Amino acid sequence: MGFNDSKIITRKGTTMSAKPMTKTQLVAALSEAAGIDKKAANRTLDALAAIVAAEIEAGGAVTLPGIGKVLCRDRPARTVRNPATGQEIQKPADRTVKVTIAKKLKDLVAS
């Protein structure tokens with residue numbers, strides 16, 4: 001299913017300052033677009049979130065076609081500054097989640 005399919009459900013008339021879509025609204029839209037009941041749509045969304053979380057926790061990456069790529073990124077140890085005191089502090093290496101948005105989605109928003 002692509003961006004231009006007629007089954008895609010949107011919140012028409014919203015602006016960029018509108019509140020983000022809630023999980024309930026997303027489940028309802030997924031249910032209608034896929035032609036499944038809301039319980040199945042909710043389980044699907046929960047399963048997708050669990051799969052992505054498990055893969056990221058293991059240090060991997062997940063590509064969601066048409067949306068983007070979610071990956072775990074290692075950050076090296078570095079020196080940071082406390083903005084209140086100006087004191088420099090050594091911060092140890094850590095990991096973070098990085099999301100890269102798909103070009104197709106970026107182009108859709110830009111047009």
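The values are calculated or read from the model by the stated rules, or taken from the named source; none is laboratory data. Owing to the predicted nature of the structure, the values given are computational and were not obtained by experimental measurement. We place every Cβ from the backbone using ideal geometry, glycine too, and count neighbours over all the protein chains shown.
Worth a mention:
- Considering Val62, Val70, the condition of being farther than 30 Å from Ile89 by Cα, without any contact (Cβ under 8 Å) to a residue 60 or more places away in the chain and in contact with a Leu (Cβ under 8 Å, 6 or more places away or on another chain) is satisfied by Val62 alone.
- Filter result for Lys12 (at pLDDT below 95 and within 18 Å of the chain's Cα centre (by Cα)): no
- Taking segment 51-89 as the range and being assigned to a loop (DSSP other than H, G, I, E, B) and farther than 16 Å from Val99 by Cβ as the test, the residues that pass are Ala58, Pro76, Ala77, Asn82, Pro83, Ala84, Thr85, Gly86, Gln87.
- Of residues in segment 25-82 being of a type in the set (Ser, Thr, Tyr) and in contact with a helix residue (DSSP H, G or I) (Cβ under 9 Å, 6 or more places away or on another chain), the one surrounded by the most Cβ atoms within 10 Å (Cβ to Cβ): Ser31
- The condition of being outside the structural domain of Thr22 (by TED's automatic domain parsing), surrounded by 10 or more Cβ atoms within 10 Å (Cβ to Cβ) and within 20 Å of Thr22 (Cβ to Cβ) does not hold for Ile89.
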